[in-house]
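Nothing in this text is a laboratory measurement; each read-out follows from the coordinates by a stated rule. The structure displayed is predicted, hence computed values, not measured ones. Backbone-built Cβ (ideal geometry, glycine too); neighbour counts: all protein chains shown.
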Amino acid sequence: MKKDIRKLEKDIRKLKKDIRKLKKDIRKLKKDIRKLKKDIRKLKKDIRKLEKDIRKLKKDIRKLKKDIRKLKKDIRKLKKDIRKLEKDIRKLEKDIRKLKKDIWKLEKDIRKLEKDIRKLEKDIRKLKKDIWKLEKDIRKLEKDIRKLERIQRVATKMIPEYGKINTK
């Protein structure tokens, strides 16, 4: 009987030690969850900024395309004027070359902006995927914490207050 009591008391000490470790683990997990949630908020903020940048870039592209259309229209007009005003041919040809260069530069800028948008959209997809994974991990951690807390409550109820076995 004494041997059984000593074994039970040893088991109680081990259970109390395990409970302390579980509580420590739960505190660490909760801290980790807070950090993950903070990271998610930052990622979401970054996504909002990137989406805002994309909207601005798209607006810039629309403006640049409009400018290109206008410049192309100007070129056509200049070509027509060349036929009418031969004395101004050299000046008008110079203007045309400049406008074509501008168009080329604008089209180059558009290609770069479109490439940047594709990269930003890819980054956003990756960030959204990362957020989804983090949120999934958080849900699992929260589920594990609830499970550990239930185990802790059950274990605490099983252990008497003063470390003695309840023989009643």
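Among W132, L36, L85, which residue has its Cα positioned farthest towards the positive end of the charge dipole of the chain, with +1 placed on the Cβ of Lys and Arg, -1 on the Cβ of Asp and Glu, and the dipole taken about the Cα centre?
Value: L85.
Would you work out the relative contact order for segment 2-158, in percent, from Cα pairs under 8 angstrom that are 6 or more residues apart?
Numbers: 47 pairs, mean separation 64.2, N = 157.
The value is 41 percent.
Please give the charge dipole size of segment 12-135, origin at the Cα centre, charges +1 on K and R Cβ atoms and -1 on D and E Cβ atoms. Round to the nearest 20 debye.
The calculated dipole for segment 12-135 is roughly 980 debye.
Which entries in the list K28/K147; K42/K136; K38/K115; K30/K133 go over 27 Å, if you measure between the two C-alpha atoms of each? Please report the intermediate quantities before stating the final value.
On the way: K28/K147 15 Å; K42/K136 17 Å; K38/K115 31 Å; K30/K133 18 Å.
Going by Cα-Cα distance, K38/K115 fall outside the 27 Å limit.
Pulled fully out, how much extra length does the chain show between L120 and K49, if you take 0.36 nm times their separation in residues and subtract their Cα-Cα distance? If you can, show how the numbers build up before the last one.
Working: separation 71, 0.36 × 71 = 25.56 nm, distance 1.06 nm.
Gain on extension, L120 to K49, equals 24.5 nm.
Need one number: nm distance between label points at I110 and K16, each 7 Å from Cα along Cα→Cβ, rounded to one decimal.
Rounded to a tenth, the inter-label distance reads 7.8 nm.
Straight-line reach only, C-alpha to C-alpha below 20 angstrom: list the aspartates and glutamates that K72 could link to, leaving out same-chain residues fewer than 8 apart.
Counting by Cα, and skipping residues close in sequence, K72 has these aspartates and glutamates nearby: D60, D81, D88, E93, D95, D102, E107, D109.
Assuming R0 = 30 Å, what is the FRET efficiency of K58 and L36, from their Cβ-Cβ distance, to the nearest 0.05?
Once the sixth-power term is evaluated, E becomes 0.40.
For the chain, what does the helix formula give at 222 nm: sum of -39500 (n - 2.57) over DSSP H segments with n ≥ 4, over the residue count, nearest 500 deg cm²/dmol?
Values: 2 runs with 153 residues, N = 168.
Roughly -35000 deg cm²/dmol at 222 nm, from the helical runs in the chain.
Kirkwood Rh over Cα pairs of the chain into Stokes-Einstein at 20 °C, 1.002 mPa s: D in µm²/s? Spell out each step's value before the answer.
Working: Rh = 22.9 Å.
Roughly 93 µm²/s, to the nearest whole number.
Please report how far the C-alpha centroid of segment 71-140 lies from that of segment 1-57, rounded to the nearest whole angstrom.
49 Å
Past the 18 Å Cα-Cα mark, which pairs from K66/K94; K77/K100; K56/K119; K59/K101? Don't skip to the answer; put the middle values down first.
On the way: K66/K94 23 Å; K77/K100 13 Å; K56/K119 15 Å; K59/K101 22 Å.
Going by Cα-Cα distance, K66/K94; K59/K101 fall outside the 18 Å limit.
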